[in-house]
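A.B. asks: Structure incoming, see below.
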């Protein structure tokens, strides 16, 4: 039943809102003396520690970990290391560009994921998802192209902002395959993938490891600077609300919907980031950029109309 997708669509939306809160927390944290590499170190270290405590406490979590072979465990760990490149380029870009613009630029990735899914995962079926993807991509173009005159961001910020969705797209496809997805079906329909309670903590451990390797490679001290008192709550927020929640929710939702469809639903993230950044930091987008955000939201409605339309309408059609 198509309507049964709705819980998983909502789970992906929760993931998007969680990711969308990341730049907001970063804007609170940076003025306390942190830079993006200190932020990433604490974000993923705390996220990994908190999630491992929770998973080991839960009987289902311990059972899921026992089922993982060493090869699959190393694969999940390595996938987490790859996430470092995505997170580094994204949070690094926030040093030079607004949170709202960074959120919009990130959403080139659904188009990249859709193309990659044709070759490596389960591509969307029918015309509707591809139409929605075209609308969402147009919305991203409008958002990035609507930068006000005299407010051009630094080139390095744009380069990092473009690199992030390319890396993230590769991460999503690999995560989908880890979850059991292939060209013939989603992870849930095929079975055999690593369950979220095992995959996500292993991946977060890999990301935390990768961040500390990056610190050493760039000549930084192994340990990040201590957390100032006024940054404690934002750091906990970026580790949980913008870390554990979105990574876990996306992995679980993508197992049901498929990587390409989950990526498309995730385009609601910039809507959240734009509104929240405007309310909290006073950032403002041009009318063209707002039109782009509306196009993104409309694309999700087009793609998932069968799942989100009223129950009575679905029943009436089925008679």
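The values are calculated or read from the model by the stated rules, or taken from the named source; none is laboratory data. Just so it is clear, the model here is predicted, and its values are computed rather than measured. Cβ coordinates were reconstructed from backbone atoms using ideal geometry, including for glycine residues, and neighbour counts include every protein chain displayed.
A.B. asks: Here are some residues: 140, 127, 200. Which one is modelled with pLDDT under 80 and under 19 Å from the mean Cα position of the chain (by Cα)?
C.D. replies: 140 is the lone residue from the list that is modelled with pLDDT under 80 and under 19 Å from the mean Cα position of the chain (by Cα).
A.B. asks: Is it the case, given these coordinates, that residue 279 is in a helix (DSSP H, G or I), more than 30 Å from residue 29 (Cβ to Cβ) and modelled with pLDDT of 75 or more?
C.D. replies: No; evaluated as a whole, the condition is false for this residue.
A.B. asks: Determine whether residue 162 is surrounded by fewer than 16 Cβ atoms within 10 Å (Cβ to Cβ) and either at pLDDT 75 or above or more than 19 Å from residue 269 (Cβ to Cβ) (or both).
C.D. replies: So residue 162 fits the description; yes.
A.B. asks: Hey, among the residues in the range 78-104 that are in contact with a helix residue (DSSP H, G or I) (Cβ under 6 Å, 6 or more places away or on another chain) and farther than 25 Å from residue 204 by Cβ, which one's surrounded by the most Cβ atoms within 10 Å (Cβ to Cβ)?
C.D. replies: That would be 104.
A.B. asks: Given 284, 314, which one is at pLDDT below 75, assigned to a loop (DSSP other than H, G, I, E, B) and farther than 9 Å from residue 139 by Cα?
C.D. replies: Only one candidate passes the filter, namely 284.
A.B. asks: Give me a count of the residues in the range 222-265 that are in a loop (DSSP other than H, G, I, E, B) and modelled with pLDDT under 85.
C.D. replies: So the count comes out to 5.
A.B. asks: Of the residues in the range 34-77, how many are within 30 Å of residue 96 (Cβ to Cβ) and touching a helix residue (DSSP H, G or I) at 6+ places or on another chain (Cβ under 8 Å)?
C.D. replies: 13
A.B. asks: Looking at the range 50-71, is at least one residue under 16 Å from residue 238 (Cβ atoms) and surrounded by 22 or more Cβ atoms within 10 Å (Cβ to Cβ)?
C.D. replies: Scanning the range 50-71, I find at least one residue that is under 16 Å from residue 238 (Cβ atoms) and surrounded by 22 or more Cβ atoms within 10 Å (Cβ to Cβ), so the answer is yes.
A.B. asks: Return yes or no: is residue 296 modelled with pLDDT under 75 and surrounded by 15 or more Cβ atoms within 10 Å (Cβ to Cβ)?
C.D. replies: In short, no.
A.B. asks: Still on this structure: Do we find that residue 46 is closer than 18 Å to residue 242 by Cα and surrounded by fewer than 22 Cβ atoms within 10 Å (Cβ to Cβ) in this structure?
C.D. replies: When the stated conditions are applied, residue 46 passes them.
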